[in-house]
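Structure first, commentary second.
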Amino acid sequence: MAFNHSGEIVANAYKKHEQIYPEPGWVEHDPEEIWENTTEVVNQGLDEAGLDASQLEALGITNQRETTVVWDAETGKPVYNALVWQDRRTTDRVEELEAENKVGWIRGKTGLEADAYFSATKTEWILDNADPIKLQRIRPEDVRDRAEDGELLMGTIDSWLIYNLTGNHITDVSNASRTMLYNIHDLDWDEELLEEFGVPESMLPEVRPSSDEDYYGTTDADGFLGAEVPVAGALGDQQAAMFGQTCFDEGDAKNTYGTGSFYLMNTGEEAVESEHGLLTTISFQQSGEPVQYALEGAIFITGAAIEWLEDVSLIDDAAETAELARSVDSTDGVYMVPAFTGLGAPHWDGRARGTIVGMTRGTEREHLVRATLESIAYQTRDVAEAMEADSGVETTSLRVDGGAVKNNFLCQLQSDIIQTEIVRPEVDETTALGSAYAAGLAVGYWDDLDSLRDNWQVDSDFQPEMDDADADSMYSRWDDAVERSLDWAVDEESE
């Protein structure tokens, strides 16, 4: 996506890439396919808009954060597929950490729950399990040996793209803070955590500001763009959405409805420690400025639950969910808990599984569709209540973005369930916009944060219409449904 000075989209192209599911609970991507698709859509978007790469002031990157790649420093070839943030294969390793009482120790350094979600156990798994036959190597310990010898690099997808764009091995503070290897207080890779997970420091990228006046590097004039363009900004997707929503001040909050949902509140220069199952994370950093922190509620499955309705042929298209949900007055007592990859904040149960409860012979697909939309609103209320308890700040307005917020029924339902104003901006592609802002600030395309605030425009706002007692009653039964989903996968995974 390319944006002009007003924050308007002037070029846009996208392409889906393959989701790889080798075993239940495993999710992988092909890093080389991601790079190839990236070059393809950048060229396609520029061509369709009649733009030349030489007109670009800067490039910014945003990415699904915890997804982890390990690649050969010399050849640039991945040693294994990327392990995606949703991948649960290291759940047993996380339970070892829990048994060793290391959860609080990890949280104190990183602000994160010990969970398979983050990059640390993914990197450890790749080093221990990458198939040496596929790598045309001969010794089982070969991958780890090569990592120890400084021959391999690791990073999240931002690092992988920066490496391919510039040849430099760099990440930004927001992505580093999601690896479970980075100390968010010392602002450095943590030696004790590197030792715990067996990750050599030589593998790790240099950590730089999210908006970097010194640039991460420039593209090669002989490369796919045919021009030298500064790569000057990077933000993990949820921090990018927060930046695009101009949540620059303490107490500002946004929720992004994508594959999962991610509710972030700016806590300024203070890393607020959560006592209610939220994550403490780095929000962003400008060159020469202090790091800004946020509280985050990470909900693993929201938009993906609507995709599941398509997968099982309950709907033909996500757009019809609003009409189907409206066609019934309620779910008729049906609750759907979309814990397909476990539950994130505030429950943090990697062995929870998707659950539908309350069905009768009279349950129809309309009830299931409505229950799925309601599950998105309930999960958001889980996080909103934890956010208020941790921060002491009552949320009176929540800025929303992501694909699902095009659904007016969902936006109104969300307002009703959390009894808060919901505000949808005109540009709902705030993840891409935020990374563009970060890059543009670095090169002086925009002067300061105030100039970005001026770009933000409201498309619609939704006020609560439901009686708060009714909302509370519906929500109370949600807790009962969640309880039935917890710890479900123990037997199937321990056999």
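The values are calculated or read from the model by the stated rules, or taken from the named source; none is laboratory data. Keep in mind that what you see is a predicted model, and the values were worked out from it rather than measured. Quick reminder, even Gly has a Cβ in these numbers, built from the backbone with ideal geometry, and neighbours come from all protein chains shown.
Of note:
- Selection status of E113, acidic (D, E), surrounded by 14 or more Cβ atoms within 10 Å (Cβ to Cβ), at pLDDT below 95 and closer than 22 Å to R65 by Cβ: yes
- The residue of the range 183-232 that is farthest from L152 (Cα to Cα), among those that are free of Cβ contacts under 8 Å to residues at least 60 places away in the same chain, touching a Ser or Thr at 6+ places or on another chain (Cβ under 7 Å) and hydroxyl-bearing (S, T, Y), is T218.
Each row is one residue, and each column tells you yes or no for (1) touching a helix residue (DSSP H, G or I) at 6+ places or on another chain (Cβ under 7 Å); (2) without any contact (Cβ under 8 Å) to a residue 12 or more places away in the chain; (3) aliphatic (A, V, I, L, M).
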{"site": "E429", "(1), (2), (3)": "no, no, no"}
{"site": "G440", "(1), (2), (3)": "no, no, no"}
{"site": "V443", "(1), (2), (3)": "no, no, yes"}
{"site": "W446", "(1), (2), (3)": "yes, no, no"}
{"site": "W456", "(1), (2), (3)": "no, no, no"}
{"site": "E465", "(1), (2), (3)": "yes, no, no"}
{"site": "A471", "(1), (2), (3)": "yes, no, yes"}
{"site": "W478", "(1), (2), (3)": "yes, no, no"}
{"site": "A481", "(1), (2), (3)": "no, no, yes"}
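- Residues of the range 374-403 classified as within 17 Å of E426 (Cβ to Cβ) and in a helix (DSSP H, G or I), total: 1
- Counted residues, the range 445-477 - those being at pLDDT 95 or above and within 15 Å of T430 (Cα to Cα): 0
- Selection status of S174, free of Cβ contacts under 8 Å to residues at least 60 places away in the same chain, part of a helix (DSSP H, G or I) and either closer than 19 Å to L153 by Cα or within 13 Å of the chain's Cα centre (by Cα) (or both): no
- Verdict on E493 being modelled with pLDDT under 95, surrounded by fewer than 22 Cβ atoms within 10 Å (Cβ to Cβ), assigned to a helix (DSSP H, G or I) and in contact with a Gly (Cβ under 9 Å, 6 or more places away or on another chain): yes
- Filtered residue count, the range 164-181, keeping only those that are under 15 Å from W35 (Cα atoms) and surrounded by 23 or more Cβ atoms within 10 Å (Cβ to Cβ): 1
- Entirely in the range 1-77, the strands (runs of 3 or more DSSP E) that have 1 or more residues that are closer than 16 Å to Y163 by Cβ and of a type in the set (F, W, Y): 68-72
- Any hit, the range 294-310, residues being surrounded by fewer than 23 Cβ atoms within 10 Å (Cβ to Cβ), free of Cβ contacts under 8 Å to residues at least 60 places away in the same chain, more than 12 Å from the chain's Cα centre (by Cα) and within 22 Å of E388 (Cα to Cα): no
- Selection count, the range 381-406, where residues are in contact with a Ser or Thr (Cβ under 6 Å, 6 or more places away or on another chain) and of a type in the set (D, E): 2
- Pairs where the first residue, in the range 260-272, is under 28 Å from V84 (Cα atoms) and the second is of a type in the set (K, R), C-beta under 7 Å, 6+ apart: L264/K254
- Of the residues D349, D382, the single one that is over 17 Å from the mean Cα position of the chain (by Cα), among the charged types (D, E, K, R) and surrounded by fewer than 21 Cβ atoms within 10 Å (Cβ to Cβ) is D349.
- Any hit, the range 95-104, residues being on the phi > 0 side of the Ramachandran plot and either over 21 Å from the mean Cα position of the chain (by Cα) or among the hydrophobic types (A, V, I, L, M, F, W, C) (or both): yes
- Residue in the range 439-455 that is exposed (fewer than 13 other Cβ atoms within 10 Å of the Cβ) and assigned to a helix (DSSP H, G or I) present: yes
- In the set (1) over 30 Å from E57 (Cβ atoms); (2) surrounded by 12 or more Cβ atoms within 10 Å (Cβ to Cβ), the condition left unmet by H29 is number (1).
- In the range 86-110, of all residues being among the polar types (S, T, N, Q) and part of a loop (DSSP other than H, G, I, E, B), the one that is surrounded by the most Cβ atoms within 10 Å (Cβ to Cβ) corresponds to Q86.
- Of the candidates V42, V103, the single residue that is at pLDDT below 95 and aliphatic (A, V, I, L, M) is V103.
- Filter result for the condition that a residue is at pLDDT 95 or above and under 23 Å from L235 (Cβ atoms), over G344, G440: G440
- Whenever a residue of the range 120-149 is within 25 Å of T91 (Cα to Cα) and loosely packed, with under 14 Cβ neighbours inside 10 Å, its partners that are modelled with pLDDT of 85 or more and of a type in the set (G, A, S), lying with C-beta atoms within less than 8 angstrom and at least six residues away or across chains, give the pairs D128/G198.
- Restricting attention to the range 64-82, the residues that are within 25 Å of F284 (Cβ to Cβ) and either of a type in the set (V, I, T) or buried (at least 24 other Cβ atoms within 10 Å of the Cβ) (or both) total 6.
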